[in-house]
Amino acid sequence: MNASPNIAQVASLVSDASRAAIMTVLLDGRYHPAGELAYMANIKPQTASFHLSKMVAANLVAVEKQGRHRYYGIENQEVARIMESLLSITPPVEIRSFNQALEHEAIRHARTCYDHLAGSLGIQLTDSLLNAGILSEVDHQFTVTEKGEGFFRAFQIDLERVKRKRRSFTHRCLDWSERRHHLAGALGHALLERLLELGWVQRIPKTRAVKITPEGKKGLNETFHVDIE
């Protein structure tokens, strides 16, 4: 007896190379038009539209309409979490060009994982919060300590507002490039938003990689004792 017949349907959708490429692009947490996704996945626009319609029907991808235009993004954090987990067990990407090598290195260094920070920067920030006693790790779960509540208050992150969001508060996310866990969940998202607001990190168009600004290098060092080369 097949108790979960829909598993095969979802697995077949993400097993296609073009659809997997689209989903990987969407892990930046932003909404993109079909034409842009086609370009980034190196497929024809008609092909991208075909794949997107299937993924929307399966609730893997959400679509928002603005006038005559449609923009696509990952449906929710659970879908993003599954895709990131799959990336952690896939073979390394074959690097075939200098530009591809640069982008790959940038993504490994600092990137968004749906709506929070990942890569080396994400791991360094998580380690810093744990080492400083701002977060604690008990039974494979992150929790905010009493000291941490004061820290985030001073850093202008409203923990009570963050906790009210209908999602995990301090989720541990396995980082595919570092093979370790970084901070995710509502608090991970709030931390990324605060760093963007301060101008310490900046999104880069058409990639999940984020840029650490000169102000960011200084601020991250002073606040989190994270030394960015």
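The values are calculated or read from the model by the stated rules, or taken from the named source; none is laboratory data. Since the model is a prediction, treat every value here as computed from it, not as a measurement. No Cβ is skipped: glycine too gets one built from the backbone with ideal geometry, and neighbour counts run over all protein chains shown. Protein only, heavy atoms only, side chains kept; ligands, DNA and RNA dropped before computing areas. Shrake-Rupley method; radii C 1.70, N 1.55, O 1.52, S 1.80 Å.
How fast does the range 14-77 diffuse by Stokes-Einstein, in µm²/s, taking the Kirkwood radius from C-alpha pairs at 10 °C and 1.306 mPa s?
Working: Rh = 11.4 Å.
The Stokes-Einstein estimate is 140 µm²/s.
In the structure shown, do any of 44/65; 165/217; 147/218; 44/206; 147/211 have a Cα-Cα gap over 27 Å, and if so which? Walk me through the intermediate numbers first.
Values: 44/65 21 Å; 165/217 30 Å; 147/218 23 Å; 44/206 17 Å; 147/211 29 Å.
Flagged as over cut-off: 165/217; 147/211.
Using packing as a proxy for protection, rank 58-65, 189-196 so that the peptide with the highest average count of other Cβ atoms within 10 Å comes first.
Listed from highest to lowest mean packing, they are 189-196, 58-65.
Give the accessible surface of the chain per residue, rounded to a whole number of Å², with probe radius 1.4 Å and ligands, DNA and RNA excluded.
On a per-residue basis, the chain sits at 56 Å².
Can you tell me the length gained on complete extension of the stretch residue 229 to residue 215, counting 0.36 nm per residue apart and subtracting the Cα distance? Don't skip to the answer; put the middle values down first.
On the way: separation 14, 0.36 × 14 = 5.04 nm, distance 1.31 nm.
Taking 0.36 nm per residue and subtracting the Cα distance, the gain is 3.7 nm.
For residue 204, list long-range residues whose amide hydrogen, built 1.01 Å from N in the peptide plane, is under 5 Å from its own amide hydrogen.
Result for residue 204 returns 211.
So, R0 is 35 Å and r is the distance between the beta-carbons of residue 9 and residue 139; what FRET efficiency does that work out to, to 0.05?
0.55
Would you mind telling me which residue in 111, 179, 68 has the biggest mean-square fluctuation in a Gaussian network model of the chain, where springs connect alpha carbons within a distance under 10 angstrom?
68
Let's test the formula: R0 of 25 Å, r as the Cβ-Cβ distance of residue 180 and residue 105. What FRET efficiency results, to the nearest 0.05?
Once the sixth-power term is evaluated, E becomes 0.85.
Restricting attention to the range 66-121, which GluC sites (Glu not before Pro) occupy a DSSP loop and are surrounded by at most 10 other Cβ atoms within 10 Å?
Counting only loop positions with at most 10 other Cβ atoms within 10 Å, the GluC sites (Glu not before Pro) in the range 66-121 are 94.
If you project the alpha carbons of the range 64-125 onto the principal axes, what extent comes out on each, in Å, largest first?
39, 28, 23
Round to a whole number: what % of the accessible area of the chain belongs to carbon and sulfur, probe 1.4 Å?
Here carbon and sulfur together make up 51 percent of the probe-accessible area.
Looking only at 212, 74, 82, which one moves most when the chain is put into a Gaussian network model with springs between Cα atoms under 10 Å?
Comparing 212, 74, 82 in the GNM, the peak value goes to 82.
Suppose the chain between residue 203 and residue 149 were pulled fully straight at 0.36 nm per residue; how much longer would it get relative to their current alpha carbon spacing?
Between residue 203 and residue 149, full extension yields an extra 16.7 nm.
Can you show me the helix-derived [θ] at 222 nm for the chain, built from DSSP H runs with n ≥ 4 at -39,500 (n - 2.57) apiece and divided by the number of residues, rounded to the nearest 500. Present the calculation step by step, with values, prior to reporting the outcome.
Details: 11 runs with 116 residues, N = 229.
Helices in the chain give a 222 nm mean residue ellipticity of -15000 deg cm²/dmol.
Modelled label-to-label distance, residue 70 and residue 161, 7 Å Cα→beta-carbon offset: nm?
For residue 70 paired with residue 161, the spin-label model returns 3.4 nm.
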